[in-house]
Amino acid sequence: MNILIPHSWLLEHLEAEIEPKKLQEYLSLCGPSVEQIYDKAGEPVYDIEVTTNRADAMSVRGIAREVAAILPQFGVAAQLKPLATPKILPPTQELALPAITENDALNKRTLCVVLSNVRRVPTPDWMAQRLTAIDMNVHDAVIAITNYVTHELGHPCHAFDYDKLVASGNQIIICEAGAGESFTTLDGNSFTTVGGEVVFKDGAGQIIDLPSIKGTLNASINARTKRILLLAESINPEKVRFTSMTHAIRTTAAQLMEKNADPALASDVLRLGVKLYQAICGAEVASAVYDHFSRPNRLSSVTLTSKELLRYLGVAIPLNSAKEMLERLECAVEIAHDTLVVTPPSFRPDLSIPADIVEEVARLYGYHNLPSTLMATPIPTNRPLDTNFTLEEIVQEFLATVGWQEVYTYSLMSEAEAIASGFSLDTHLKLANPLTEDKVYLRRSLTPSLTAVVAANPMRQPLSVFEIANVYHPRANDLPEEVLTLGIVSSSAYRRVRGVLEALLSKLHIAQVEIETAAGSHEAKIFCGPQHELAGSITQNKANVAIVIRVRALVTHAQSHPVYRPQAKTAIIREDLTFTLPKQTAIGPLMAALQNLDQHITTLELSTVYNDNYTFTIHYHDAKHNLTSDQIAPLRKRLVAEVAQRWGGSLVGQLT
Amino acid sequence: MIGSQYSEKLLALKQRLQLETTLSAEELQQKYLGAHGVFTLLAKQITELTADERKLAGKPLNDLKMALATAILAAHKTTSGQGWVDLSLPGEPPQVGHVHPISQAMAEITQIFTSIGFTRVRYPEVDWDWYVFESLNMPPNHPARDEWETFFVDQAPDEKKGQMVLTTHTSNGQVREMERLGEPPIRMINIARCYRRQQDVTHTQMFHQFEGLVVDKGITIQHLKGTLDYFAKAFYGPGTKSRIRPFHFQFTEPSFEVDFSCHICGGSGISLTSIPQGIGTAQKCKFCKSGWHEVGGCGMVHPNVLQAGGIDPEIYTGFAFGWGIERTYTLKAGLAIDDIRLLYSGDLQFLEQF
């Protein structure tokens, strides 16, 4: 919540000599943050952020109280001026107050008075200027006064048309609305109740006010109004919030009351209101003052030891100094031995536990005055075992180094993308309140989002992108299974993409990687480790190759270092053999078969492919003896025979 | 031939070799060492000498051979160094990819905090209301929840833990980390995706936060300040300062807002623009508020939160902080990204810059 406060208005409550810039600095360090100072018609106006727990500071007087408490800490003399609201004198004529049916469970206080002979005059310039400076619309004085008083003291009040109330029986019943009742607010918008809203009704059951939120058209003042009922009530904060949120009627009054504005403030609000109506509109008090105050804020004392202060601050603050600071905030403070007994004022319900009092003392002492130091306590060593952030960084760096681009895409998908992911729509988790149609379902696959990125960058083809992110698989009566996934989509050729994947797995020292597929299938599965764990898959579609791989599988099977193999002491014989193979020969199984022919064939790699000719680079090796040409010749013959007999291929060239 | 004649021939040849400055290595090779080369022929003539003369001629013959080899080598080097090359040619770049800027920021943040003993963790992005709000001292319908524009998942609520929501902040990791460890010491850094129901040039429906949580005996506001200072200097540069100001969060008490000093204006709030005469003109710094950048919130862990995590607030205290990565990262010099949505656009023109 932000509040605008003109400097001159603040000084009506504050005795202090202070430059606006300095006030901004000091208040921001120890109290509500002054975000800006605007110049409005030559006057500095503070734009102050007030936190939600401090409804008491949402007024000119509340801020003045803060300033008066803070400035002395910086050596600037400051004093909160006494609030001089005159008592409301007995009426000259006696008009009947409405018959009010109270409901103490719903409302803490009702305070009202009837004013007659209210002249409809324009808002005086001094008041209009202030309301303009705080960005409020200026109506005529009868309306402006209620806004002015609310801003000055931080508790709302409302002016009813007294004659409208009389016409409907001069009765106010404070109750909860049922469902389906209609009302029209004073700005002409109509609503239907859902049930449970706190409303004022007349004797006939008509809603005549949305108390602590907004007036209704049927009881509010209009151009003909001459007599008003000035009323301040204090509906339960939860009820105000419920009604205000349900119907999206977010007024200043609602914001104050749902944050627990102090009902005790209503007395000064009514007095100041009457004073202004008398002075500006020539109004006369026409009834006794009605005050039903069933539940004043009675705040419990909070005790705080000097040890507790030390425990949070790390420096000792004398209890006497703490007492002085708290008293400037209007707390009643006693020191008993080593303990502060603090009774907060009724407008500070946020002070309820020792830590709250610590905060008040600490902020006035000044956080900037506390030393800054790192922890000297033992470093925890109990790390979660299922994550490995270093590995994730290695993956990112490796893929970027080989030319691939990391992207971040949204975890939420449109209906079309969810369907495209290969999981049926109803097996996705869906948002109950999406903001936009393209982000409704929690994704189960990264592939659609990454495919969209590749398609959206036509000038960068071929393009390979990757992302490490969660996918979300629903589980019955539980949170979804969040599976951290490395997703890759590339418009490069399959061999190139797979080559990078294999290099990555090798860099992570993952042993026993198997990539398996059925002949001609567009999908291959990736297995890792001794247990042949399914880690992910590779899919080839028309335009792209897509890979998904569970990061957890990488974490499980990755090693920080390889298993060292001593260097070969005997010669490795390397040679290339080229075979012509029938079309649609699956090369993977062929290579596996050739590799397994003999233990002396230690490596067999595909080096080039030209039309139907496939050149393999073969390493022959024996760890103990150097292989001779006579030993290799039969191996070579077996390779050629295997290719011919099992795969229908033929060697290019002749065996010697 | 007699020995003295042979020696003279050797000497003459040596002198002749010294005058050969224009021949290339190949030409020298051909002229002296070819099948009919002058040295080859002379070397063959040694057989015409007597045995004693041969002994005497052996050494000068060998010296001449060495001189020849040296000359050929030298000629070889000179020739290859003299050809025309164009070193003004542009380089042929390898294809280079890029780690996403958010990942780069995460890695840097992780490194900074792990170096002062924090453990990085990861917790659910879809979580129960209990962990996201209620255990953090925010009961249902509390006005403080307004600031977290929450996405709800269309699923039945859990009887005890409430509705299923997308995490609006990384603070759901606080009670989860307390549950994981059982007891202090805790020094956690939790970095994760978060979600809020908002979208404009400075907000995306998905964003990232990092959350720090420290709980132990004797943890004070001073340790929070020390940690913030350490991070500010490590992330933005050695001269950076941090400060905390009063604020309010339900899950910390006291609560603070954190500011880092502006590195553009050096924390003065005034940027000096020099003009040719050497006189500077002072202008309000466009990048900060009076010399400071607001980065996010922090505070001392509320006793109710410690209790929700099974930790006795009478024995332990702690602090926590949680900030947006996007905001923290783009405050770095030169990274004033005008539309935060670019980060998640997958636009290569943008991403290739990082």
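The values are calculated or read from the model by the stated rules, or taken from the named source; none is laboratory data. Keep in mind that this is a model prediction, so the values were computed, not measured. All Cβ positions, even for glycine, are placed from backbone atoms using ideal geometry, and neighbour counts span all protein chains on display.
Is there a residue being more than 8 Å from every other protein chain (Cβ to nearest Cβ), not basic (K, R) and not in a loop (DSSP other than H, G, I, E, B) anywhere in segment B:137-145? No: segment B:137-145 contains no residue that is more than 8 Å from every other protein chain (Cβ to nearest Cβ), not basic (K, R) and not in a loop (DSSP other than H, G, I, E, B). Evaluate segment B:203-212: report whether one residue or more is touching a residue at least 12 places away in the same chain (Cβ under 8 Å), touching a Pro at 6+ places or on another chain (Cβ under 7 Å) and at the interface with chain A (Cβ under 8 Å from one of its Cβ atoms). No; the residues of segment B:203-212 include none that is touching a residue at least 12 places away in the same chain (Cβ under 8 Å), touching a Pro at 6+ places or on another chain (Cβ under 7 Å) and at the interface with chain A (Cβ under 8 Å from one of its Cβ atoms).
If I ask for residues that are at the interface with chain B (Cβ under 10 Å from one of its Cβ atoms) and not in a helix (DSSP H, G or I), which ones from segment A:442-456 would you list? Break it down stepwise before answering.
In the first step, residues of segment A:442-456 are kept if they are at the interface with chain B (Cβ under 10 Å from one of its Cβ atoms); the result is A:442, A:449-450, A:452-456.
If the condition is that a residue be at the interface with chain B (Cβ under 10 Å from one of its Cβ atoms) and not in a helix (DSSP H, G or I), then A:L442, A:A456 are the ones that fit.
Figure legend. Inter-residue proximity from segment A:18-31: first residues farther than 12 Å from A:Q73 by Cβ, second residues in a helix (DSSP H, G or I) and modelled with pLDDT of 95 or more, beta-carbon distance below 7 Å, spacing 6+ or different chains. Indicated pairs: A:I18/A:L71; A:P20/A:H7; A:L23/A:V67.
Filter segment A:390-402 down to the residues that are crowded, with 18+ Cβ neighbours inside 10 Å and at the interface with chain B (Cβ under 7 Å from one of its Cβ atoms), then identify the one that is nearest to A:R443 (Cα to Cα). First the steps, then the outcome.
First, pick out the residues of segment A:390-402 that are crowded, with 18+ Cβ neighbours inside 10 Å: A:392-393, A:395-396, A:399-400.
Within this subset, residues satisfying the condition of being at the interface with chain B (Cβ under 7 Å from one of its Cβ atoms) are A:393, A:396, A:399-400.
Numbers: A:E393: 23, A:Q396: 21, A:L399: 23, A:A400: 25 Å.
This residue is A:Q396.
Is it fair to say B:T150 is away from every other protein chain (no Cβ under 11 Å) and crowded, with 18+ Cβ neighbours inside 10 Å? When the stated conditions are applied, B:T150 does not pass them.
Only one of the numbered conditions (1) at pLDDT below 95; (2) not in a strand (DSSP E or B) is not met by A:T608, and that is (2). Exactly one residue out of A:F200, A:F191, A:F183 is over 23 Å from A:L115 (Cβ atoms), more than 14 Å from every other protein chain (Cβ to nearest Cβ) and crowded, with 23+ Cβ neighbours inside 10 Å, and it is A:F183.
It is to be established whether one or more residues within segment A:63-74 are away from chain B (no Cβ under 14 Å) and surrounded by fewer than 20 Cβ atoms within 10 Å (Cβ to Cβ). Yes, because at least one residue in segment A:63-74 is away from chain B (no Cβ under 14 Å) and surrounded by fewer than 20 Cβ atoms within 10 Å (Cβ to Cβ). With respect to (1) touching a helix residue (DSSP H, G or I) at 6+ places or on another chain (Cβ under 8 Å); (2) more than 30 Å from A:P211 (Cα to Cα); (3) assigned to a strand (DSSP E or B), the lone exception for A:D39 is condition (1). Reported count of residues in segment A:467-479, each being within 7 Å of chain B (Cβ to nearest Cβ) and free of Cβ contacts under 8 Å to residues at least 40 places away in the same chain, is 1. Condition check for A:V138 on (1) in contact with a helix residue (DSSP H, G or I) (Cβ under 9 Å, 6 or more places away or on another chain); (2) assigned to a helix (DSSP H, G or I); (3) of a type in the set (V, I, T): one failure, at (2).
One line per residue, one yes/no per condition, for (1) among the aromatic types (F, W, Y); (2) surrounded by fewer than 22 Cβ atoms within 10 Å (Cβ to Cβ); (3) away from chain B (no Cβ under 11 Å):
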position: A:V465; (1), (2), (3): no, no, no
position: A:E481; (1), (2), (3): no, yes, no
position: A:L486; (1), (2), (3): no, no, yes
position: A:R495; (1), (2), (3): no, yes, yes
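A Cβ distance below 7 Å, combined with a sequence gap of six or more or placement on separate chains, defines the contacts here; from segment B:134-160, residues that are among the aromatic types (F, W, Y) reach residues that are in a loop (DSSP other than H, G, I, E, B) in the pairs B:W148/B:T168; B:W148/B:H169; B:W148/B:R196; B:F151/A:N433; B:F151/B:R197; B:F152/A:A432; B:F152/A:N433; B:F152/B:Q163.
Within the bounds of segment A:407-419, is there any residue that is surrounded by fewer than 21 Cβ atoms within 10 Å (Cβ to Cβ), within 7 Å of chain B (Cβ to nearest Cβ), within 18 Å of B:L166 (Cα to Cα) and not β-branched (V, I, T)?
Pass one, segment A:407-419, residues surrounded by fewer than 21 Cβ atoms within 10 Å (Cβ to Cβ): A:410, A:414-416, A:419.
Okay, now just the ones that are also within 7 Å of chain B (Cβ to nearest Cβ), so A:410.
Adding the requirement that they be within 18 Å of B:L166 (Cα to Cα) leaves A:410.
With the extra rule that they be not β-branched (V, I, T), the set shrinks to A:410.
Within segment A:407-419, one or more residues are surrounded by fewer than 21 Cβ atoms within 10 Å (Cβ to Cβ), within 7 Å of chain B (Cβ to nearest Cβ), within 18 Å of B:L166 (Cα to Cα) and not β-branched (V, I, T).
So, in segment A:322-344, exactly how many residues are of a type in the set (D, E) and in contact (Cβ under 8 Å) with a residue 60 or more places away in the chain? Give the steps one after another, and end with the answer.
Of all residues in segment A:322-344, those of a type in the set (D, E) come to A:324, A:327, A:330, A:334, A:338.
Adding the requirement that they be in contact (Cβ under 8 Å) with a residue 60 or more places away in the chain leaves A:330.
The qualifying residues number 1.
Scoring A:L319 on the criteria (1) buried (at least 19 other Cβ atoms within 10 Å of the Cβ); (2) within 14 Å of chain B (Cβ to nearest Cβ); (3) free of Cβ contacts under 8 Å to residues at least 24 places away in the same chain leaves a single failure, condition (2). For segment B:165-202, residues that are within 19 Å of B:F151 (Cβ to Cβ), assigned to a strand (DSSP E or B) and more than 9 Å from chain A (Cβ to nearest Cβ) total 4.
Against the condition facing another protein chain (nearest Cβ under 10 Å) and either farther than 30 Å from A:T556 by Cα or not acidic (D, E) (or both), how does A:P344 come out, does it pass? It is false that A:P344 is facing another protein chain (nearest Cβ under 10 Å) and either farther than 30 Å from A:T556 by Cα or not acidic (D, E) (or both). Checked against the criterion of being touching a Pro at 6+ places or on another chain (Cβ under 7 Å) and surrounded by fewer than 17 Cβ atoms within 10 Å (Cβ to Cβ), the candidates B:Q307, B:Q349 yield just one match: B:Q307. The single condition among (1) in contact (Cβ under 8 Å) with a residue 60 or more places away in the chain; (2) closer than 21 Å to B:Q198 by Cβ; (3) more than 10 Å from chain B (Cβ to nearest Cβ) that A:E437 does not satisfy is (1).
Just name the residue that is farthest from A:T580 (Cα to Cα) out of those in segment A:611-628 that are hydroxyl-bearing (S, T, Y) and part of a strand (DSSP E or B). So the residue we want is A:Y620.
Inside segment A:638-656, residues that are surrounded by 12 or more Cβ atoms within 10 Å (Cβ to Cβ) and in a helix (DSSP H, G or I) make up a count of 9. Taking segment A:490-604 and the helices (runs of 4 or more DSSP H) fully enclosed by it, the elements with 2 or more residues that are free of Cβ contacts under 8 Å to residues at least 12 places away in the same chain are at A:494-507, A:587-595.
Going residue by residue through segment A:363-381, is there one that turns out to be more than 7 Å from chain B (Cβ to nearest Cβ), in contact with a strand residue (DSSP E or B) (Cβ under 7 Å, 6 or more places away or on another chain) and assigned to a loop (DSSP other than H, G, I, E, B)?
No, the conditions are met nowhere in segment A:363-381.
Filtering segment A:302-355 to residues that are in contact with a strand residue (DSSP E or B) (Cβ under 9 Å, 6 or more places away or on another chain) and of a type in the set (F, W, Y) leaves only A:Y312. Only one of the numbered conditions (1) within 30 Å of B:E177 (Cβ to Cβ); (2) within 14 Å of chain A (Cβ to nearest Cβ); (3) surrounded by 12 or more Cβ atoms within 10 Å (Cβ to Cβ); (4) modelled with pLDDT of 85 or more is not met by B:S115, and that is (3). Restricting the search to segment A:347-362, which residues are part of a helix (DSSP H, G or I) and within 7 Å of chain B (Cβ to nearest Cβ)? Selection gives A:A355, A:D356, A:V358, A:E359, A:A362. Per the conditions (1) more than 9 Å from every other protein chain (Cβ to nearest Cβ); (2) out of contact with any Pro (no Cβ under 8 Å at 6 or more places or on another chain); (3) crowded, with 19+ Cβ neighbours inside 10 Å, the sole criterion not satisfied by A:H428 is (2).
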